[in-house]
Amino acid sequence: MNKKRSGMINNVLTYGACLIGSIFVLVPVLWMVSTSLKTEPETFAIPPRWIPETVTLDSYRAMWVDYPFLYYFRNSIIVTLAAVAISVSISCLTGYGVTRFRFKGKESFLGFVLLTQMFPSVMLLVPYYKVLNTYGLNNTLIGLGLVYISFTVPFCSWMMVGYFKTVPLELDEAAIIDGCSRWQAFTRITLPIVIPGVSSSAIYAFVTCWNEYMFANLLMADEKLKTVSVGIAELNGYYKIMWNDLMASSVVASIPLVIGFIFLQKYFIGGLTAGAVKS
Amino acid sequence: MKTKSHKQEQFQPSKMSLSELTPYLFIFPVLLLLVMLVVYPLSYGVYISFFDTDLGKNWSFAGFRNYLVIFTQDNFLKNIWVTFKFAFLVVAGHFVIGILLGLALNQKKRGTTVFRTILVLPWLFPDVVIALIFKWLANPMYGLFNSFLLEHGLIEKQISWLGSTQWAFAVVVLVCIWKGYPMVLVNVLAALQSVSSDILEAARVDGANAVQLLFRIILPAIKPVLATTVILDVVWWFKHYTIVELLTSGGPNSVTSIVSIGIYKEAFQYFKFGRAAAMAVVVFVICYLISKVFRKVLSDDE
Amino acid sequence: MKKKLLSILLSASMAATLLTGCGGGQPAESQGSDAAEENTAEDDSQNAGSAETSGDTAEAGDTASSDEEITLRIMSSIQTEGEASLESAMAEQYMADHPNIKIEYIAVANNDLNAQIITLNSSDDLPDAFYMNTAFMPQAKSMGIVIDPTEYLGDDFLNSMDPSIIEYASTDGQLMVVPWFMVPIALIYRADWMGETDYDTIETMEDFRNVGKAFTNGTDRWGFALVGLQNGSGEARFSQYVKAFGVDEIYQDDSGAWVSDLTEDKYRTALQTFVDLDLVDGIVPPGATETGYPEAVTYFANEQAGMIISGSNALGAIVSQNPELDGKLASVPIPSQDRHVTNLQVSGYSITTACEHPQEMADFLKYMADKENAITFAAETGRMPVASDALEDEMFDTPAYQGFVDCIQYALPYPTYSGYSEVQDIMGESYNSMLSGVSIDDAMAQVESRINTLLAETTE
């Protein structure tokens, strides 16, 4: 009976927290959706209306017709997917290498990886541009992709170091005794256990790259190479904010992220036992 | 742990030289990329802090003058202090909310998938959009916040949330918590997967209550992952710019003037790049020290 | 310790190689020569000329033959605004008339424009022309990235506009911008509300306050949409307000030293009366310190505020938010305490030192400013023509434009002081902090301390 009651309390707490959290999240988000369905004059109506008097999909049409969001999406998808894939892969290598071996310079290396996150990015705009210019990669998707990898790799590497740490070393050792090579021990034994970490790092990298604005804006001069976040930010004009268009494009731009999240979350929500190691 | 890897080396004495190289092969891609892309920008940032320059043709050596100037301005020191408060509160908020919701959502219950997706939404929108939305929701004249509070008689007259020294800082912090907690939530959820349910069950049988479970078993188990998250979360929000700039531009009466706004003004409004770089270097050093402290405190005690 | 030292040395040496590598700017140069190969030999000599002195380019530019393919790269913040299609249409038309010219726009949001130009310049990668923000002019001048286009424009063009406009477009005697349009600052008010009051004009600051009080009912109607946010937009408006009190923010005295009126009593008075509009007179909608320009325009468009200090482009913005206000707007020059003032905010494109075809670029920029184009542009955007004959068009003979036309005679030269945006920020801090409750003494002490530091640095 005690157990039942604590289960009840647990239920109330869980759903209570989720519900309150959801309300706080949904009010602004639904307001975005509502704004995106309004005509321009109605975005300024007083008092503000949740349900627009005239519901229109004009803004959703405009982003494809009046603004080149088709290009923006193509570019964002290419750059983000490539950057996420590469960033997460090389971070896994790093995580494994750092936790499974002792080697000279390990601590300095880890420190160095983190250092790159600590300089205010405003002051990095100019030198980043110069570096890419030296490589001839300005105004290319490859250049932007590389920059994004350099942004996401520090966090992903450190996360993967953390996750690999939770896997007992005995597992690799046993595998190697059984005749696996080092690489096989990594890919077949250890990596599958840290899949939750891989997917949460991937989500982080995905969100970071998709929403990055400052560097995409600086590095991509060509209208056809701009990314979604730049396209969205340009709707926040200096003289005028295109509220409905801005919200419509933000809502649409978040859809790939939502899909990505739903797809990736199943890898780290397998219930408590799925990924756990019994040691 | 250390003795174990020694043992492991003993397994293949013949491959000694290769196995010495192996770890470097694993870290090589990351190292190469960062050296190629990041070393120069960081060095450049430090380099220009010793010059008065327009970053074009005019460079004149300034020695430590830029540092001297920023430390004698009370504005800069005040901004640093505001930034400390800001980053601390924002990160604390992220972790309290992120961990609580993470624990709640880690259960196999009806509807948790839907809640998970909803609760992660704030993370998925660009900073610009979040800032603009909240700026209008908090608008004193016809923002939803005021109209809701007025309607229900909770306040008597309109409150200028972002315009009064009393509220602005708190509102800015809340918006930044709102935006950033899902990152912690997602990482907590992922980290919780490595907590063995056997250990939890065993502890429960031993009569541990929920709070004990949390502090004795769960948090220590996810510490390696949380340590990284906390370090970088602090560093990121210490350097944050966009949301605060769009919400208040550092006002009213500088209560929200975090240091990045000052750096941006110094660089791209006043065009004093040397001085801006000096500020950036100071921020860099502070972030470095913060991370050092956290790494010390959170390091494995094995 | 050794390890650490080693890794630091390693990184440092890497950095050093990169530093020198970038300093040479090889890739940029090789790109440049690639492009040059396609051109004629004549053009190569032109390249060399432009690299040495900008004066040489004049002759070289004239010799460009009309069938030569020329691409003009223009960095534009207009391209990110609602006016993009108007600008593009002009470029399309021009390209149709001049088949050998290709115009490419690089769209950059106005807030990022200065940063972008500085970054591109650091890699010798400037476009042929860029949209010049007035506040950036002194910096652009000292960086030496903009040519004086006078000789390419010709006397006819330059004589077609008021000399004060040329002065605005210049810094220390160098024409920095090819004037395209201007956005003078004046006071816009609701003519229909004015009819309901006992007043019939706003001439002085006292009139301004009184009308503001008459407009205000304290619940849903206020007199003046004050921009109290501490940013460039708010500061530009406040700047005109204090100038009307006789304040000169920064100027050179007879000995040539920079001095400021901000520490004087007239600034103190101006500042006090400005914040009192909100704190004492109560004619400002709630939340002044968080009100930026977009919010202020919205208050006005939503009939919650009856006056706004703004450039002429606000007319268009207001009517597009609330079409019912068409015909109900009027404008007057900024009310005078000591004098009438305005900032013409002459805007346009600057031709960079990297431009290989300044003559063609200047021709295109002249085309954008010609009478017909300018009037069309003004009708859509509220940005007024610079040519005197275009200003005589009947569309400016309306109450809405009256103040903007009248105020042109009161234009004060824009300070050429290189730290002017910092001076503005000092003013911004003073009104923003006072609006949030700081006393006049404390605010003035802060102004004094900051301005003195700034001036001391300048004389160094």
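The values are calculated or read from the model by the stated rules, or taken from the named source; none is laboratory data. These figures come from a predicted structure and were not determined experimentally. Using ideal geometry, Cβ is built from the backbone for each residue, glycine included, and neighbour counts are taken over all protein chains shown.
Does segment B:40-70 hold any residues that are part of a helix (DSSP H, G or I) and loosely packed, with under 15 Cβ neighbours inside 10 Å, and which are they?
B:LEU68
Just for segment A:30-51: of the residues that are buried (at least 20 other Cβ atoms within 10 Å of the Cβ) and in a helix (DSSP H, G or I), which one is nearest to the other protein chains (Cβ to nearest Cβ)?
A:MET32
Can you work out which of the residues in segment A:93-147 that are within 8 Å of chain B (Cβ to nearest Cβ) and polar (S, T, N, Q) is nearest to the chain's Cα centre (by Cα)?
That would be A:GLN117.
So, C:ASP278, is that one over 30 Å from C:GLU457 (Cα atoms), out of contact with any Leu (no Cβ under 9 Å at 6 or more places or on another chain) and not hydrophobic (A, V, I, L, M, F, W, C) or not?
Here the answer is no, as C:ASP278 does not meet what is asked.
Take segment C:94-109 and flag every residue that is surrounded by 18 or more Cβ atoms within 10 Å (Cβ to Cβ) and within 14 Å of chain A (Cβ to nearest Cβ).
C:ILE103, C:TYR105, C:ILE106, C:ALA107, C:VAL108, C:ALA109
What's the number of the only condition in (1) acidic (Asp, Glu); (2) outside the structural domain of C:CYS355 (by TED's automatic domain parsing); (3) surrounded by 20 or more Cβ atoms within 10 Å (Cβ to Cβ) that C:GLU203 fails to meet?
The one condition C:GLU203 does not meet is (3).
Pick out the one residue from A:ALA233, A:ALA216 that is closer than 30 Å to C:ARG73 by Cβ and facing chain B (nearest Cβ under 8 Å).
Only one candidate passes the filter, namely A:ALA233.
From C:TYR299, C:TYR293, which residue is buried (at least 16 other Cβ atoms within 10 Å of the Cβ), out of contact with any helix residue (DSSP H, G or I) (no Cβ under 9 Å at 6 or more places or on another chain) and within 14 Å of chain B (Cβ to nearest Cβ)?
Result of the check over C:TYR299, C:TYR293: C:TYR299.
Which of the residues that make up segment C:304-334 are under 18 Å from the mean Cα position of the chain (by Cα), within 14 Å of chain A (Cβ to nearest Cβ) and not polar (S, T, N, Q)?
C:GLY311, C:ALA314, C:LEU315, C:GLY316, C:ALA317
Just one of the numbered conditions (1) free of Cβ contacts under 8 Å to residues at least 24 places away in the same chain; (2) within 10 Å of another protein chain (Cβ to nearest Cβ); (3) among the polar types (S, T, N, Q); (4) at negative phi is not true of B:SER249; which one?
For B:SER249, the exception is condition (4).
Exactly one of (1) under 30 Å from B:VAL234 (Cβ atoms); (2) within 9 Å of another protein chain (Cβ to nearest Cβ) is unmet by B:CYS176. Its number?
The failed condition is (2).
Against the conditions (1) more than 18 Å from C:VAL341 (Cα to Cα); (2) of a type in the set (Ser, Thr, Tyr); (3) more than 28 Å from the chain's Cα centre (by Cα), where does C:THR201 fall short? Just the number, please.
If we test C:THR201 against (1) more than 18 Å from C:VAL341 (Cα to Cα); (2) of a type in the set (Ser, Thr, Tyr); (3) more than 28 Å from the chain's Cα centre (by Cα), just (1) comes out false.
B:ILE133 passes all but one of (1) surrounded by fewer than 23 Cβ atoms within 10 Å (Cβ to Cβ); (2) more than 7 Å from chain A (Cβ to nearest Cβ); which number fails?
So the condition that B:ILE133 fails would be (2).
What's the number of the only condition in (1) within 28 Å of the chain's Cα centre (by Cα); (2) surrounded by fewer than 16 Cβ atoms within 10 Å (Cβ to Cβ) that C:LEU279 fails to meet?
Condition (1) is where C:LEU279 drops out.
Mind counting the residues in segment A:162-201 that are more than 10 Å from chain B (Cβ to nearest Cβ) and closer than 30 Å to A:ALA253 by Cβ?
Total meeting the criteria: 0.
Among the residues of segment A:150-161, how many are hydroxyl-bearing (Ser, Thr, Tyr) and at the interface with another protein chain (Cβ under 7 Å from one of its Cβ atoms)?
Summing the residues that are hydroxyl-bearing (Ser, Thr, Tyr) and at the interface with another protein chain (Cβ under 7 Å from one of its Cβ atoms) in segment A:150-161 gives 2.
Do the conditions hold for C:LYS371, that is, is it more than 21 Å from the chain's Cα centre (by Cα), surrounded by fewer than 18 Cβ atoms within 10 Å (Cβ to Cβ) and not aromatic (Phe, Trp, Tyr)?
Here the answer is yes, as C:LYS371 does meet what is asked.
Looking only at segment B:264-302, count how many residues are surrounded by 20 or more Cβ atoms within 10 Å (Cβ to Cβ), charged (D, E, K, R) and touching a residue at least 24 places away in the same chain (Cβ under 8 Å).
2
Has segment C:412-426 got any residue that is part of a helix (DSSP H, G or I) and free of Cβ contacts under 8 Å to residues at least 24 places away in the same chain?
No, because not a single residue in segment C:412-426 is part of a helix (DSSP H, G or I) and free of Cβ contacts under 8 Å to residues at least 24 places away in the same chain.
Look through segment A:4-18, keep the residues that are exposed (fewer than 12 other Cβ atoms within 10 Å of the Cβ) and within 10 Å of another protein chain (Cβ to nearest Cβ), and return whichever of them is modelled with the lowest pLDDT.
Residue satisfying both the conditions and the ranking: A:ILE9.
Where residues in segment A:89-108 are of a type in the set (A, V, I, L, M, F, W, C) and assigned to a helix (DSSP H, G or I), which of them is surrounded by the fewest Cβ atoms within 10 Å (Cβ to Cβ)?
Selected residue: A:LEU93.
So B:THR83 fits all but one of (1) within 30 Å of B:ALA276 (Cβ to Cβ); (2) out of contact with any Phe, Trp or Tyr (no Cβ under 8 Å at 6 or more places or on another chain); what number is the exception?
Result: B:THR83 fails condition (2) only.
Among (1) more than 21 Å from C:PRO294 (Cα to Cα); (2) out of contact with any helix residue (DSSP H, G or I) (no Cβ under 7 Å at 6 or more places or on another chain); (3) at pLDDT below 95, where does C:PHE208 come up short?
Among (1) more than 21 Å from C:PRO294 (Cα to Cα); (2) out of contact with any helix residue (DSSP H, G or I) (no Cβ under 7 Å at 6 or more places or on another chain); (3) at pLDDT below 95, C:PHE208 violates only (3).
Filter segment B:15-39 down to residues that are under 24 Å from the mean Cα position of the chain (by Cα) and assigned to a helix (DSSP H, G or I) and give me whichever is farthest from A:CYS156 (Cα to Cα).
B:VAL39
State yes or no: is C:ARG221 over 17 Å from the mean Cα position of the chain (by Cα) and more than 14 Å from chain B (Cβ to nearest Cβ)?
Against the criterion (over 17 Å from the mean Cα position of the chain (by Cα) and more than 14 Å from chain B (Cβ to nearest Cβ)), C:ARG221 does not qualify.
Considering only helices (runs of 4 or more DSSP H) fully contained in segment C:118-196, which possess at least 3 residues that are surrounded by fewer than 24 Cβ atoms within 10 Å (Cβ to Cβ) and away from chain B (no Cβ under 14 Å)?
Hits in segment C:118-196: C:150-153, C:155-159, C:163-168, C:191-196.
State whether one or more residues within segment C:427-434 are over 22 Å from C:VAL319 (Cα atoms) and at pLDDT below 90.
No, because not a single residue in segment C:427-434 is over 22 Å from C:VAL319 (Cα atoms) and at pLDDT below 90.
When you go through (1) crowded, with 16+ Cβ neighbours inside 10 Å; (2) touching a residue at least 24 places away in the same chain (Cβ under 8 Å); (3) in contact with an Asp or Glu (Cβ under 9 Å, 6 or more places away or on another chain) one by one for C:TYR251, which number turns out not to apply?
(1)
B:ILE286 - would you say it is outside any loop (DSSP other than H, G, I, E, B) and facing another protein chain (nearest Cβ under 9 Å)?
Yes; evaluated as a whole, the condition is true for this residue.
Looking only at segment B:88-109, decide whether some residue is among the aromatic types (Phe, Trp, Tyr), more than 9 Å from every other protein chain (Cβ to nearest Cβ) and not in a helix (DSSP H, G or I).
Within segment B:88-109, not a single residue is among the aromatic types (Phe, Trp, Tyr), more than 9 Å from every other protein chain (Cβ to nearest Cβ) and not in a helix (DSSP H, G or I).
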